[in-house]
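Read through the structure below, which is laid out as structure tokens, and then see the notes.
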Amino acid sequence: MLAIIGGSGLTELSGLDVSGRKVIRTPYGEPSGVLSFGRLKGCEALFLPRHGYAHSIPPHRVNYRANIWALKSCGATRIVSVASVGGIRADLNPGDIVIPHQIMDYTWGRKHTYFDGNDMSVTHVDFTHPYDEILRRQLVLSAAAAGISIQDGGVYAATQGPRLETAAEIDRLERDGAEVVGMTGMPEAVLARELDMAYAAINPVTNHAAGRGQSAENIHFERLGEILREVMGRVRTLIEGVIPMSCCRRAED
């Protein structure tokens, strides 16, 4: 089953024929909200809003372990994460969509692993390629089928938040090789890997990163909502396109 984690601008998934909602208890506390179960394009799907249905949970306080555990416990095997970003690369503009292929983690203090109990042996997971390439490729194919322009590949930098970055910090991220910046990509991606769940992301660009383009002097927050409303229509189309592919893959497993 495919699970969708909605970020800013996607607190509900239109088109999902909801059959039920469920409160999930986990060993790691409460998830961000009630899980919505239903069918999308004839296939089973799950939806969870990362920041809660009222968009009240900031990035550094999201219970990532509970969220991923809850999805796994309800039968999800694949996750598409929607997370808005700032564009660092010069050719990335507000309204663009990136399907990232790599992550760099600059967060701190977050509960970032399931393997930290005193009664557990040391466990390492391979994170060379943080996104599932098959699921990532399905998103790219969905975009092509719908005639939606996307950036195939990008390096996502995960920062702590909730404040946005300084221009100097963005300069540093660019020197490190980052192309977009957000606050929720980690530890979400690695937790999915620890639970053996395929994970890929859709990153709508809502603004130029600090010190870049239209954000050279400051971030124009009043424009972010407008950009999100416009781009989320295309994001929903991408998700609807990948759902049948996910069903087919499940049948082959």
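Tabulated data
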quantity: Residue within region 108-121 that is touching a residue at least 12 places away in the same chain (Cβ under 8 Å) and within 15 Å of the chain's Cα centre (by Cα) present; calculated: no
quantity: Matching entry among 167, 158 (being more than 18 Å from the chain's Cα centre (by Cα), under 22 Å from residue 106 (Cβ atoms) and either without any contact (Cβ under 8 Å) to a residue 60 or more places away in the chain or crowded, with 22+ Cβ neighbours inside 10 Å (or both)); calculated: 167
quantity: Among residues of region 116-140, those that are surrounded by 13 or more Cβ atoms within 10 Å (Cβ to Cβ) and closer than 27 Å to residue 241 by Cβ, counted; calculated: 10
quantity: Count - residues of region 67-86 that are farther than 18 Å from residue 1 by Cα and either more than 11 Å from the chain's Cα centre (by Cα) or without any contact (Cβ under 8 Å) to a residue 12 or more places away in the chain (or both); calculated: 1
quantity: Residue among 144, 189, 178 that alone is out of contact with any Asp or Glu (no Cβ under 8 Å at 6 or more places or on another chain), closer than 25 Å to residue 232 by Cβ, assigned to a helix (DSSP H, G or I) and in contact (Cβ under 8 Å) with a residue 40 or more places away in the chain; calculated: 189
quantity: Single unsatisfied condition, residue 236 versus (1) in contact with a Leu (Cβ under 9 Å, 6 or more places away or on another chain); (2) of a type outside the set (A, V, I, L, M, F, W, C); (3) not in a helix (DSSP H, G or I); calculated: (3)
quantity: Odd one out for residue 81 among (1) closer than 22 Å to residue 156 by Cα; (2) polar (S, T, N, Q); (3) surrounded by fewer than 19 Cβ atoms within 10 Å (Cβ to Cβ); calculated: (3)
quantity: Among (1) part of a loop (DSSP other than H, G, I, E, B); (2) surrounded by 19 or more Cβ atoms within 10 Å (Cβ to Cβ); (3) of a type in the set (Gly, Ala, Ser); (4) touching a helix residue (DSSP H, G or I) at 6+ places or on another chain (Cβ under 7 Å), the one test that residue 76 misses; calculated: (4)
quantity: Answer from 145, 168, 158 - the residue that is within 22 Å of residue 93 (Cα to Cα), at pLDDT 95 or above and touching a helix residue (DSSP H, G or I) at 6+ places or on another chain (Cβ under 9 Å); calculated: 158
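The values are calculated or read from the model by the stated rules, or taken from the named source; none is laboratory data. Here the structure is a predicted model, which means the values were calculated and not measured. Methodologically, a virtual Cβ is constructed for each residue, glycine included, from the backbone with ideal geometry; neighbour enumeration extends over all protein chains shown.
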